[in-house]
Structure formats: C-alpha cells, structure tokens
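Enquirer: Please find one structure pasted underneath; my questions will follow.
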Amino acid sequence: MVKRIVLFSLLLFSGCRMGEREVVIVFRPKPLTLDPHAQKIASVRALLENIYEPLVVYTPSLRIGPCLAEYWETPDDTTWIFHLREDVYFHTGKPFTAYDVKATMERIRGMKGSPYIDNISPIKRMEIKDPYTVVFYLHRPCVTFLNKLATVFIIAEDSLTGTGPYRIEKMKGDTLILSAFEAYREPLEVKRIRIIFFESRPYAAKRFVEGLGDIMYRFPFSYIEEARKKGIKLVHFNPPHIFLLGFNLKRYPVNDPTVRRAVALAIDRKRLALGRGEVMDGYISPNAEGYSPEVHAISYNPSIARRLLKGRRVRFTLLITQDLKSMGEEIKEMLARAGIDVRLELPKDNKEFFHKILGGEVDAFIVLYLNETGDGGDALASLFHTREEGWGGENLFYYSNPRADSLIESVFGVMDRKERNAILLEAQNVILEDLPAIPLFSPFEYHAVRNGYELMPHNAMSLWLKTLRRRR
C-alpha cells in the first residue's frame, strides 16, 4: 500500500508542463450540478464520464466492456461477481476498492429523487468478498443488468470524487476547467481542457463557426454546410436514439386515435429523415438491443389520411424546440396537404419546452428520446408503460395499455435473446396500434473538430476526451 501511495504522489505532482496549449470545448447544456447521481441528462453524462467511471462501459460500437471491473462471472441468473481493477486511484489519491462500489450503490438508494434508483433496483443485496471482489445478488434475473451498471458512476466511499482521466480544476460561471489526472492508468495527450457552456445549441454553433473553440459537442444539423465551408471536420456517430412526434392523449383532438393515424399517414418520414438520420418504423432504433425490421410500419399515404378524416378539419398545436424549427415547418406543410392545420409553438428555451409538456399544456410535441442503456426493453418501459413506481418515467403521453404493460414487464425476466426480441416486437406492434407517439427517425449526430484535433466517435453519445489527439 505504501508503494502505491508513493507512486500516486509522484504522478499527481508531476503536473502539466508549462505553456501547454489547453483545448477549448463548446458544450451544451450547462450542468445543474456535477454530482454524478443527481441528474440523468445524456449530454451531461457525456461530460461527467471524463471525471467519473462505471464498473462496465459502452464501447464505441455499443458493446459492454470492462472499466473499473476487470471481468465478471454469473454462476446463476441472479448472482453477478465482479472482479475489480487493482491499479485505480481516486483523484484524492485513495485507492479504489469494492467498498467504494458498495458505498456508491447505498448512496443512490438513500438519495431522494435520484434518477439512478431504477438503474440499481435489480440489486437485492451486495457482498464484499475481498477488497477487489464485489457480489451483487438480484431480486430476479435481469438481462439488462450490465446495461444499467454502465450508467452508474462510482465515487469514493468518503468523498464525491471520481477515478476518470480528468479531474475538476475549477468551475466558475459558464466555464469548467479540467486537468489531466496524472495517476490515470492510460496515457493522456491533452493535459488541460476548458469547457464553455451555452444554453442555446444554435447560438453555440454560430460562435463555434465564427472561431470559438477547438471542439463542439453535438454540432447541430442546421450548421453543417456552413461548417464544411470553413473546413471544420465533422465526426459522425449514430446513437440508439429516436425522434418522436408525441401526443397528449388527454387533449382534443389528438385523443382521437383516428386523428393520430391520419397524422402518421400524412407525414413523409423518408423525406423528413433525409440527411438527418435513419427512418424509424418502430420505437427501437437499429443499433439498440431488441431492434426488429418486422414492426407494423405506417406507410406515407396522405390520400388515405384525408379519407380517414372524412372532410373533418383538424387543428392542433405542435410544440417544438428552436433548433428543430425547420423540421416543424416541414411537418406542418405535409399535414396541411391532408387537411390538418398545425400551429407551431416555439418556447424560448428547453426549460419552458419541458415545463409545457409536463404541465399538459400542449396537444403534440417533438422530442428526442435518448436511450441511455441502448436496450429496447428499457426504451419501451420508460416511454410507454403506465406511469407508476419504477415504470413509465418518460411517458409524456398519458398512455396506458394493460396488454403493452404486461409484455414490457415480461421481457425483463427473459434471458433468451430470440424470445426476448419476439416479445419486444409484439409490444411495439401493440403500441403502434394505439399510436401515442409516431416514430420519425434515428438521428445522425456530429461533433465538430478543428485545429488538427482528432476525436474517436462513440455511438453512445459519449465524449471520450482521453482519445483526443492532435495530428503532428
């Protein structure tokens, strides 16, 4: 142990070389907190995973790989044994052990309102076999247990510190400074990073194109042509996320299933997705676990949409964020051809956008569902299960169908992949009959990079700063 502490001290105080250029990253949104267990915004997670680390991690191709856990065993369906790395330190210098894993899970359980409680809910109890072996005993078999653990950052038993490649140097106003953690187990080329936060993605992109920063995380589609003209490199990645046109099923006229089907038939999703992403027929994206091309797709047919409405003039309001205004205008134009009159409502920011949705103030809205675990079962459980404890956390549609609930619940006890995928397919078809939301497309995403920097693309929307290199 003494040798480990001496080694850590030598590494920590070797510091950054004077005069090294810092990398500037333009980022949206600004985190409300840097506590890794207090919020569940995918973009913020992408930032925090450079400071904290989970037991297992998504690889760039969305496979589960080792991180703080070196390997794991499953002697039966409800027992998971994790063997931990022995070369890991927290930013304070404390060695990482199984006691930190147990303390992290207990902290989340005790946090009122932590969005990660569902992620650790399969755990019945924990046992520490030795400082580098921890055992989880589950309530029941859980095929997505590793996916859930990949979202849970481990902190020190005695402090809110992480083991990630970068440590927090300073947070002030709209700027966060990160410095390389010299005791990290992998070499880090970039030693200092300045992150500048913006609330508006279009405005952030405008500033980036004008010359601010070296990298912009999640560069918006509307600025791509302008960026290319300036010679900015675009790093493409394809996360398992999906744009949905959702309906508030408590509001007239979209509480009428005939109206919802007419809307779905009137939207040319292929045209809408052109250059933006891959058309979606179901609610599980192609690179998510459980995807099937055999869902009962709704084909574009505005003439059938008009016949369904039988001359009835339908009007409703569609809420859409400022950066998706052009997409909203395209949808409005398509629906007008089927005799559906849509009024676009553009809130001033994301806070107002979600306030209106959660307050039930709008008829319909376009949202991007961020599939954090990459699992189709988790997506359906979150989006379409009846809202109750542990289920339907992102069901913004007031949707409830006992048959869909039963199918969704059953999938989490099935370990056979083929059987599980068949249940997910049936559940999607049940939901598509009701159409609480129309699947539009799975978006292409981009990071913008310049000044000779190279960044590894990652389909989980991650921003792996440890992969950042500068061409010589």
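None of the figures in this text is laboratory data; all of them are computed from the coordinates on show. Treat the numbers as computed from the prediction; the structure is a model and nothing was measured. Cβ: placed from backbone, ideal geometry, glycine included. Neighbour counts: every protein chain shown.
Enquirer: Given axes a ≥ b ≥ c from the Cα gyration tensor, I'd like to know whether region 146-206 is rounded (a/c under 1.5), prolate (a/b larger than b/c) or oblate.
Expert: Values: a/c = 1.85, a/b = 1.41, b/c = 1.31.
Since a/c reaches 1.5 and a/b is larger than b/c, the shape of region 146-206 is classed as prolate.
Enquirer: Rank Val101, Ala364, Val26 by how far each Cα sits towards the positive end of the charge dipole of the chain (+1 on Lys, Arg Cβ; -1 on Asp, Glu Cβ) and give me just the farthest.
Expert: The residue sitting most towards the positive pole is Val26.
Enquirer: Restricting things to Cα coordinates, could you compute the convex hull volume per residue of region 55-151 in Å³? Provide the component values of the computation, followed by the final result.
Expert: Values: hull volume 10.8 nm³, N = 97.
About 112 Å³ per residue, rounded to a whole number.
Enquirer: Quick check on region 308-461: take the gyration tensor over C-alpha atoms, sort the square-rooted eigenvalues as a ≥ b ≥ c, and tell me if it's rounded (a/c under 1.5), prolate or oblate. Walk me through the intermediate numbers first.
Expert: On the way: a/c = 1.82, a/b = 1.09, b/c = 1.66.
Oblate is the answer for region 308-461, as a/c is 1.5 or above yet b/c matches or exceeds a/b.
Enquirer: Then there is this: When Lys and Arg each count +1 and Asp and Glu each count -1, what net charge do the other residues less than 14 Å away from Lys172, Cβ to Cβ, add up to?
Expert: Values: positive: Lys30, Lys170, Arg194; negative: Glu169, Asp174.
After counting each charged neighbour, the total is +1.
Enquirer: Right, next: What shape does region 335-421 take by its C-alpha gyration tensor, where a ≥ b ≥ c are the square roots of the eigenvalues and a/c under 1.5 counts as rounded, a/b above b/c as prolate, and the rest as oblate?
Expert: On the way: a/c = 2.32, a/b = 1.92, b/c = 1.21.
Since a/c reaches 1.5 and a/b is larger than b/c, the shape of region 335-421 is classed as prolate.
Enquirer: Subtract the Cα-Cα distance of Glu210 and Asp256 from 0.36 nm times their separation in residues, and report this length gain in nm to one decimal.
Expert: Numbers: separation 46, 0.36 × 46 = 16.56 nm, distance 4.73 nm.
Here the segment from Glu210 to Asp256 would lengthen by 11.8 nm.
Enquirer: Give me the net charge for the shell around Asn451: Cβ to Cβ below 10 angstrom, other residues only, Lys and Arg +1, Asp and Glu -1.
Expert: Within the 10 Å Cβ shell, the charges total +4.
Enquirer: If you look at just the Cα atoms of region 99-197, how large are its Rg and its Dmax in Å?
Expert: 16.5, 45
Enquirer: Once Lys and Arg get +1 and Asp and Glu get -1 on their Cβ, which of Ser303, Ala288, Leu380 lies farthest toward the positive end of the dipole of region 242-443?
Expert: In region 242-443, that residue is Ser303.
Enquirer: When Rg is the radius of gyration of the Cα atoms in the chain and Rh is its Kirkwood radius, what does Rg/Rh come to?
Expert: Working: Rg = 23.4 Å, Rh = 23.8 Å.
Looking at the chain, the ratio lands at 0.98.
Enquirer: Multiplying the sequence separation of Ile81 and Asp158 by 0.36 nm and subtracting their Cα-Cα distance, what value in nm do you get?
Expert: Numbers: separation 77, 0.36 × 77 = 27.72 nm, distance 2.37 nm.
Additional length available on full extension: 25.4 nm.
Enquirer: Separate question: How far is the Cα center of region 133-168 from the Cα center of region 40-60, in Å?
Expert: Here the two parts' Cα centres lie 11 Å apart.
Enquirer: Also, I was wondering about something else. By the scheme Lys and Arg +1, Asp and Glu -1, what is the net charge of all other residues having a beta-carbon under 9 Å from that of Asn238? Intermediate results must be reported in sequence, preceding the final value.
Expert: Numbers: positive: none; negative: Glu278, Glu445.
Summing Lys and Arg as +1 and Asp and Glu as -1 gives -2.
Enquirer: OK, next. Straight-line reach from Lys124: which lysines have a Cα under 21 Å away, not including same-chain ones fewer than 8 places off?
Expert: Lys102, Lys112, Lys148
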